[in-house]
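A short worksheet on the structure shown next.
The values are calculated or read from the model by the stated rules, or taken from the named source; none is laboratory data. What you see is a predicted model, and the numbers here were worked out from it, not measured in a lab. Counting neighbours? That spans all protein chains shown, and the Cβs are built from the backbone with ideal geometry, glycine included.
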Amino acid sequence: MSTFPDPARVQVRRVRPEELPIAAAIYQKVLRGTFTWLPAGRHNAQVFLRDAVDEDVYVAVLDHRIEGVAALYRPDSFLHSLYVARRGAGIGKALLDHAAGEAPGPLSLKCQTANTRAQAFYRREGFGITDQGDDGVPWVRMARY
């Protein structure tokens, strides 16, 4: 028997204003726990809240609890954020599929080079590397067409 819930139970919807602090807390917690190659204080909830003003923010809800967040910069069909509190439960895929359905064009994103786990996830979901760069932290741009 699986320890993870049925992915069909994950509901994705636009964040409600009063839920933005919860979404920002997930962003901060996941970044600090995952991006161990960067100083823990580099990413914080305030960065997410600042960027969210110009983005469409979606949450994944499972059993009445927000378990993930995605932010789409609609003008460029750019997935700016996708963070999940619980991996392996279909939450990331549900958020990604929802954002792709909301984007006006093919979805793209940037992923830090050191974040090989995320790159593997996006590759499984049909994304490929289209560009790379370094703005203080090496990154790859990925897109799905």
Name the single residue, out of those in segment 18-46 being surrounded by fewer than 19 Cβ atoms within 10 Å (Cβ to Cβ) and β-branched (Val, Ile, Thr), that is modelled with the lowest pLDDT. Thr36
Considering only segment 74-81, I want to know if a residue exists there that is within 22 Å of Ile26 (Cα to Cα), among the polar types (S, T, N, Q), touching a strand residue (DSSP E or B) at 6+ places or on another chain (Cβ under 7 Å) and touching a residue at least 60 places away in the same chain (Cβ under 8 Å). no
Name, by its number, the condition in (1) of a type outside the set (A, V, I, L, M, F, W, C); (2) in a helix (DSSP H, G or I); (3) at pLDDT below 90 that does not hold for Arg86. (2)
When you check Leu49 against the structure, is it aliphatic (A, V, I, L, M), within 16 Å of the chain's Cα centre (by Cα) and surrounded by fewer than 17 Cβ atoms within 10 Å (Cβ to Cβ), yes or no? yes
Somewhere in segment 113-128, is a residue at pLDDT 90 or above, of a type in the set (A, V, I, L, M) and within 13 Å of the chain's Cα centre (by Cα)? yes
